[in-house]
Amino acid sequence: MRHFLWLCDYTKEEIKEIIELGFQIKKETKNGVYKPYLKHQQLAMIFEKSSTRTRVSFEAGINQLGGNGLFLSSRDIQLGRGEPLKDTARVITRMVDLVMIRTFGQERLEEFAEYSKVPVINGLTDLCHPVQLLADLMTMIEFDKFDFNSPESTTVAYVGDGNNMANSWAVLAAKLGFSLRIATPQGYEIDESIRVKALEFAEKSGAKIEFLYDPKAAVKDADVVTTDTWVSMGQEDEKEKRINDFKGFEVDAGLMSLAKKDAIFLHCLPAYRGYEVSEEVFENHADEIFSEAENRLHAQKGLMVWLKK
């Protein structure tokens, strides 16, 4: 039994298998073919953090695969009322076939997985967001910005907060072998333990990973430019300080012009125009962004089928 808690646990070959399965199921879906890969399987979806895309993509995905999704918020189950997490895990996973958890601390996810009888999927934690990176990778491939056979030909620039998305990009690049430049303001660097792991993986894959403070240097000649909100859930009281600290890090037309002419722009959404991205850049790259959002559905279907094969 495998869990999907973060990309550190997965090889390049395993990530490729999941992505290829996602593409296969996406093609079938687009042709109106819905194979019951997970017929009668039950997916428990535990939300301690709310979400639009995670809720819709997992629930629609399991239904399209022939299974059923159970939405469980911390307000509705004993998870938020004092029952030990390990007991909740031991109860729920005797009744379902898969669990997706969207929560705050990575340690909560890992404790749940330790006591689970079924595969557990990380729908997002404060540390990482691996299912989003599967969707991003699918989108890069669809727009001819990544090839598993020549990963060294791809350069990605991440501009903004060193949050769970930046952490996840670092690990994905290190695992697959593409170049990544992460530009953050000072004091907003990625998690140190993730940085160390990413550099260790990069030594084996040949990935070139740079940590910068200059967004222009990061974006120069990049194939893919990506960012995320500066104020994540739970950081609302820091909003004004963050907006001030991130001056110069908005991906606007001037910054985007430094990337390759055919570069794509990705954003995991929701996007706050005028902060991390300008209205002009967002609308000019809307096709890429909303293809990326749709690919959450298809990548996660590939992941769920892969975990249960």
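The table for this structure:
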read-out: Stretchable slack from Lys220 to Lys261, in nm (0.36 nm times residue separation minus alpha-carbon distance); value: 13.7 nm
read-out: Whether the stretch 132-292 is rounded, prolate or oblate, judged on the alpha carbon gyration tensor where a/c under 1.5 counts as rounded; value: oblate
read-out: Förster radius 35 Å - calculated FRET efficiency between Glu210 and Arg2 (Cβ-Cβ, nearest 0.05); value: 0.65
read-out: Lysine pairs with alpha-carbon atoms under 25 Å apart, the stretch 132-292, spacing 8 or more or separate chains; value: 29
read-out: Answer label, with Cα extents along the principal axes in Å calculated from the coordinates and candidates (1) 60, 39, 37; (2) 52, 44, 37; (3) 84, 46, 40; value: (2)
read-out: Point-to-point label distance, Lys117-Glu280, nm (Cα→Cβ direction, 7 Å offset); value: 5.9
read-out: Simple spin-label estimate for Val91 and Glu142 in nanometres, 7 Å along Cα-Cβ; value: 3.9
read-out: Neighbour-limited loop hits for chymotrypsin sites (Phe, Trp or Tyr not before Pro), the stretch 8-50 (at most 15 other Cβ within 10 Å; DSSP other than H, G, I, E, B); value: Tyr34
read-out: Residues Ile141, Ile121 arranged by fewest to most Cβ contacts within 10 Å; value: Ile141, Ile121
read-out: Alpha-carbon centroid distance for the pair the stretch 210-238 / the stretch 177-191, whole angstrom; value: 8
read-out: Förster radius 25 Å - calculated FRET efficiency between Glu28 and Phe71 (Cβ-Cβ, nearest 0.05); value: 0.45
read-out: Crossing angle, helix 192-205 versus the chain [Cα axis fit, 0-90 degrees, rounded to tens]; value: 80
read-out: Length added when fully stretched, Phe104-Glu83, from 0.36 nm per residue minus Cα-Cα; value: 5.8 nm
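Each value in this text was obtained by applying a stated rule to the coordinates, not by laboratory testing. Since the model is a prediction, treat every value here as computed from it, not as a measurement. Note: ideal-geometry Cβ built from the backbone for every residue, glycine included; neighbour counts use all protein chains shown.
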